[in-house]
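The values are calculated or read from the model by the stated rules, or taken from the named source; none is laboratory data. Keep in mind it's a predicted model, so treat the numbers as computed, not measured. Please note: Cβ atoms are built from the backbone with ideal geometry, for glycine as well, and neighbour counts cover all protein chains shown.
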Amino acid sequence: MKVLIIGSGGREHAIADAFSRSNKTREIIISPGNAGMAEDFRCLPLSGQDEIVEFCHAEAVDLVFIGPEQPIKDGLSDLLKKEGIRVLAPSQAAARLETSKAFAKQLMLANQIPTASYSLLRDEVQARDFLAKCSYPIVLKADGLAAGKGVIICSNEPEAMQACASLFRQSAGKSGVLAEEYLQGWEVSLFAFCAQDAFQTSLFAQDHKQLYDQDKGPNTGGMGAVCPVPEAEKYRQEIEDTILAPVLNAMRELGCPYEGVLYLGLMITHEGPKVVEFNCRFGDPETQALLPLLKTDFMQLCLAITEGRVKELKLEWFDKTAVAVVLAAPGYPAAYKKGIKIQIPPLDSKVFFSGVRRGKRGLISWGGRVLSVMSLADTLENARTTVYRDIYSIEFTQKVYRKDIGLRKNLLP
Ligand code: AMP
Ligand code: GLY
């Protein structure tokens with residue numbers, strides 16, 4: 001099989017790595033990819049949907065795997081399907097679970113799916129009225145896609161008024177701002193492989209969203225991940241029965257069945273698991289810790305999803321723990337420095353590249369999150385030891401990273 005992966009981050013690098021372990025994979029192409037991935041895979045920048053379709057026909061691509069949400073929102077999966085090209089990603093209509101938080105909330109409310117209660121604020125007048133009366137803390141979110149920058153937790157009215165004004169100014173806030181009840185608990189991610197009326201779930205993974213150790217500092221796209229999360233296992237059945245099955249049923253009833261990978265961002269609360277968010281794709285950096293643990297052939301899994309045979313497939317995972325630590329550029333998640341030289345000696349860990357380019361004398365940083373380093377071992381302690389020893393030997397001055405990935409105590413407050 002010849003596969004085309006759309007995207008350029010560490011997640012797509014880990015997806016390419018998973019495909020490369022399948023003996024059913026003949027060739028892997030990534031568009032656009034990045035200079036780090038290009039050391040192992042063919043990368044080429046296809047610009048726009050038409051060029052992607054043309055390329056797939058010309059090169060007889062057997063499967064397109066879309067990594068990020070934006071091309072799905074733009075309708076790439078629908079177009080590829082129409083062109084008779086096999087694609088692993090939900091339709092634009094099904095992806096509304098991520099692309100419109102208001103859509104996702106309404107669907108959860110209508111189907112009694114556990115999530116934070118909310119109000120949709122359509123303009124600043126309505127917002128002022130609501131924020132004067134609500135209880136604090138409150139969580140404000142732009143309705144649309146905001147690349148991780150659309151959520152602000154506010155502890156009082158003046159803070160909320162200011163946050164709300166800034167969200168309305170973002171393009172993601174044009175369709176409204178959601179005010180959500182603040183959920184207390186601990187967070188975990190779960191991925192569902194969905195096709196027609198069946199699904200199977202992955203191991204649990206845990207992102208570390210704040211910039212600094214002990215979950216301090218600003219929110220980022222994710223500073224590291226651990227997989228599996230044993231404390232979450234006892235909630236699996238409840239999550240499948242009270243969240244996943246009803247969501248997929250509801251999507252079918254709406255005439256837009258969900259096919260592809262569905263990301264559940266969950267808060268484990270005193271009342272049980274509740275949905276924080278849905279995403280229409282794999283998570284970044286969770287994927288860098290999840291897919292290396294997949295024992296089942298990844299290409300077979302993808303084919304089973306696109307052929308509606310998910311239930312038949314035996315999903316198997318290695319009995320190990322993976323830790324992925326993100327190395328970011330100084331300044332991230334605000335304006336960050338570019339062009340820092342990166343040199344990587346031979347390592348026991350695997351490196352998945354995201355924000356890098358080729359400079360005159362090798363790789364240089366070119367993004368906020370630059371790369372992630374992943375190690376898997378029989379125990380969490382051993383995986384952490386290897387990953388941090390390897391990070392120490394990577395030359396990347398001023399790199400910013402967390403030292404506590406995998407150490408979170410998943411306890412209810
Ligand atoms: P989201 O982009 O919706 O995943 O939100 C980003 C982060 O904000 C989440 O990972 C949570 O840590 C936090 N968050 C979002 N919604 C809530 C909520 N209702 N209660 C508490 N924390 C939240
Ligand atoms: N790790 C969070 C995300 O992919 O949205």
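Here are the numbers for the structure shown:
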| read-out | value |
| --- | --- |
| Near pairs, Cβ below 9 angstrom, 6+ apart or cross-chain, from the range 152-168 (farther than 14 Å from Arg128 by Cβ) to any residue that is hydroxyl-bearing (Ser, Thr, Tyr) and away from ligand 1 (no atom under 15 Å from the Cβ) | Ile152/Ser166 |
| Residue check for Asp297: within 16 Å of ligand 2 (Cβ to nearest atom), buried (at least 19 other Cβ atoms within 10 Å of the Cβ) and at pLDDT 95 or above | no |
| Residue under evaluation Thr242, criteria (1) crowded, with 20+ Cβ neighbours inside 10 Å; (2) over 26 Å from Ala16 (Cα atoms); (3) of a type in the set (Val, Ile, Thr), criterion not met | (1) |
| Qualifying residue in the range 64-75 (condition: surrounded by fewer than 22 Cβ atoms within 10 Å (Cβ to Cβ), out of contact with any Phe, Trp or Tyr (no Cβ under 9 Å at 6 or more places or on another chain) and among the aliphatic types (A, V, I, L, M)) | no |
| Matching option when the condition is assigned to a loop (DSSP other than H, G, I, E, B), hydrophobic (A, V, I, L, M, F, W, C) and farther than 25 Å from Phe204 by Cα, among Leu347, Leu363, Leu407, Leu411 | Leu347 |
| So Ala38, is it crowded, with 18+ Cβ neighbours inside 10 Å and more than 22 Å from Glu307 (Cα to Cα) | no |
| Residue match in the range 4-16 (condition: of a type in the set (Ser, Thr, Tyr), touching a residue at least 40 places away in the same chain (Cβ under 8 Å), touching a Ser or Thr at 6+ places or on another chain (Cβ under 8 Å) and crowded, with 18+ Cβ neighbours inside 10 Å) | yes |
| Residue within the range 243-257 that is polar (S, T, N, Q) and assigned to a strand (DSSP E or B) present | no |
| Filtered residues of the range 168-197 (kept if part of a helix (DSSP H, G or I) and within 16 Å of ligand 2 (Cβ to nearest atom)) | Ala172 |
| Hey, Pro273 farther than 16 Å from Leu262 by Cα, in contact (Cβ under 8 Å) with a residue 40 or more places away in the chain, more than 11 Å from ligand 2 (Cβ to nearest atom) and not in a helix (DSSP H, G or I) or not | yes |
| Filtered residues of the range 117-159 (kept if within 11 Å of ligand 1 (Cβ to nearest atom), modelled with pLDDT of 90 or more and either outside any strand (DSSP E or B) or surrounded by fewer than 14 Cβ atoms within 10 Å (Cβ to Cβ) (or both)) | Ser117, Pro137 |
| Filter result (under 21 Å from Ala335 (Cβ atoms), of a type in the set (A, V, I, L, M) and crowded, with 21+ Cβ neighbours inside 10 Å) within the range 364-399 | Val370, Leu371 |
| Those residues of the range 85-113 which are surrounded by 18 or more Cβ atoms within 10 Å (Cβ to Cβ) and more than 20 Å from the chain's Cα centre (by Cα), in sequence order | Ile85, Arg86, Leu107, Met108, Ile113 |
| Subset tally (residues that are among the hydrophobic types (A, V, I, L, M, F, W, C), out of contact with any Phe, Trp or Tyr (no Cβ under 7 Å at 6 or more places or on another chain) and part of a loop (DSSP other than H, G, I, E, B)) for the range 90-113 | 3 |
| Output for the range 221-236, where each listed residue is more than 15 Å from ligand 1 (Cβ to nearest atom) and either in a loop (DSSP other than H, G, I, E, B) or at pLDDT below 95 (or both) | Pro228 |
